[in-house]
Amino acid sequence: MLVDLHTHSTFSDGRYTPTQLVKMAAAADIKLLAITDHDSVNGMEEAMQAAQVVPNAPQIVNGVEMGSQAGEYSVHILGYNIDIHNEKLLAKIQEMRHARETRLHRMLDKIDALGYHITVEDCDPKNRAVGRPHVAKALVAAGYFQSVDEAFEVLLKRGRPGYEPQPKLSPEEAVSLLHEAGGIAVLAHPAEIENLNLVNTLLTNIAFDGLEVYHPSADEKMQQYFAQLAAKYKLLTSGGSDFHGVEGRFPEQLGVFKVDSDKVSIIQTMVK
Ligand code: AMP
Ligand code: FE
Ligand code: FE
Ligand code: ZN
């Protein structure tokens, strides 16, 4: 059985609406789909509704991807099975989305001074957790770059002149918010952290429930290593495509990066 426990919709930096994701998952025969927008659970209602009417629709798992910061490292944390009405969690992610909007203005001022003229409207921030991908897309549309990836490489990634940090939680705080909302917390794409000592430290010291072993950022060897880590720290194994629907960024289609349910013990907490 195919599953995908990490996808993004138009409520953050994904290209497709929750309804479109449900349809694409149905076409790819994915049986369990988690939508994990950055700092938002606003796509969940639409996804649940779509799943009731789309033929062969997957079961929907509610999810969120929270950004946290450990020193200079960005640590993403996936939450599943959360109460999407939990007030404390909702207040915090709303605060994070608001911070993203003010950061967008700072970022646009910064790149304006560098000769890249983009407006807030070009970034289409309405009802979204807005981030660098929206700026990158607008820069490509305005002809400044050939691709979103090029915009990141030249201008937007950490260390480049257009970079603006996003205020972030501590990993401890993100995990405890997810727990308080009745959910489980999974350390996302550990390969992207690019510091295996830090990954081990995080797993030792923070009450994670699971580890995202299967993700496009980890090759087979890395996946084996992360599976061992999950066993060592007694964590559930998880996996997903991190599908955004962005051209030039793998996977360009849902269902291309395959995760089999046999490999991800986390589904025991999800399948009804
Ligand atoms: P932000 O949340 O604004 O800091 O932006 C981070 C998001 O940018 C990540 O969640 C990815 O979806 C996206 N991203 C990071 N690097 C790249 C890249 N090289 N090309 C396309 N998207 C990227
Ligand atoms: Fe993203
Ligand atoms: Fe992420
Ligand atoms: Zn993601």
- Message: I'm told LYS272 meets every condition in (1) open to solvent by 10 Å² or more (accessible area, probe 1.4 Å); (2) within 20 Å of the chain's Cα centre (by Cα) except one. Can you identify the failing condition by its number?
- Response: (2)
- Look at GLU192 and say whether it is more than 18 Å from TYR80 (Cβ to Cβ) and either within 16 Å of ligand 2 (Cβ to nearest atom) or among the hydrophobic types (A, V, I, L, M, F, W, C) (or both). yes
- Item | Test result for LEU89, closer than 27 Å to GLY43 by Cα and either touching a residue at least 24 places away in the same chain (Cβ under 8 Å) or in contact with a helix residue (DSSP H, G or I) (Cβ under 6 Å, 6 or more places away or on another chain) (or both) | yes
- Message: It is to be established whether one or more residues within the stretch 255-265 are among the β-branched types (Val, Ile, Thr) and open to solvent by less than 20 Å² (accessible area, probe 1.4 Å).
- Response: yes
- Residues that are within 29 Å of GLY255 (Cα to Cα) and of a type in the set (Asp, Glu): find the helices (runs of 4 or more DSSP H) completely inside the stretch 147-233 holding 2 or more of those. 148-151
- Given the conditions (1) assigned to a loop (DSSP other than H, G, I, E, B); (2) surrounded by 18 or more Cβ atoms within 10 Å (Cβ to Cβ), report the number of the one that ASP83 does not fulfil. (2)
- Task: Consider LEU90 carefully, then state whether it is of a type outside the set (Asp, Glu), open to solvent by 30 Å² or more (accessible area, probe 1.4 Å) and out of contact with any Asp or Glu (no Cβ under 8 Å at 6 or more places or on another chain).
- Result: yes
- When you look at LYS168, is it modelled with pLDDT under 95, within 16 Å of ligand 3 (Cβ to nearest atom) and not small (Gly, Ala, Ser), yes or no? yes
- Task: Filter the stretch 1-51 down to residues that are within 16 Å of ligand 4 (Cβ to nearest atom), surrounded by fewer than 20 Cβ atoms within 10 Å (Cβ to Cβ) and assigned to a strand (DSSP E or B), then give me how many there are.
- Result: 0
- Test: residue in the stretch 60-80 that is surrounded by fewer than 17 Cβ atoms within 10 Å (Cβ to Cβ) and part of a helix (DSSP H, G or I): no
- Message: Step by step: first the residues of the stretch 106-131, then only those that are farther than 23 Å from GLU65 by Cβ and in a helix (DSSP H, G or I), then the one that is farthest from ligand 1 (Cβ to nearest atom). Which residue is that?
- Response: ALA113
- Note on the structure: The residue that is nearest to ligand 3 (Cβ to nearest atom), considering only those in the stretch 10-22 that are under 17 Å from GLN52 (Cβ atoms) and in contact with a Phe, Trp or Tyr (Cβ under 9 Å, 6 or more places away or on another chain), is LEU21
- Message: Take SER176 and tell me if it is without any contact (Cβ under 8 Å) to a residue 40 or more places away in the chain, within 15 Å of ligand 3 (Cβ to nearest atom), open to solvent by 10 Å² or more (accessible area, probe 1.4 Å) and under 24 Å from TYR73 (Cβ atoms).
- Response: no
- Query: Of the residues that make up the stretch 119-132, is at least one at positive phi and in contact with a Ser or Thr (Cβ under 7 Å, 6 or more places away or on another chain)?
  - Reply: no
- Report, ordered by the first and then the second residue, all pairs with beta carbons closer than 8 Å, sequence separation of six or more or different chains, a first member in the stretch 208-226 that is over 21 Å from GLU172 (Cβ atoms) and free of Cβ contacts under 8 Å to residues at least 60 places away in the same chain, and a second member that is open to solvent by 40 Å² or more (accessible area, probe 1.4 Å) and among the acidic types (Asp, Glu). SER217/GLU192
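The values are calculated or read from the model by the stated rules, or taken from the named source; none is laboratory data. Because the structure is a prediction, the values reported are computed rather than measured. Quick reminder, even Gly has a Cβ in these numbers, built from the backbone with ideal geometry, and neighbours come from all protein chains shown. Note: accessible area is taken over every heavy atom of the protein model, side chains too, but ligands, DNA and RNA are not part of it. Shrake-Rupley method; radii C 1.70, N 1.55, O 1.52, S 1.80 Å.
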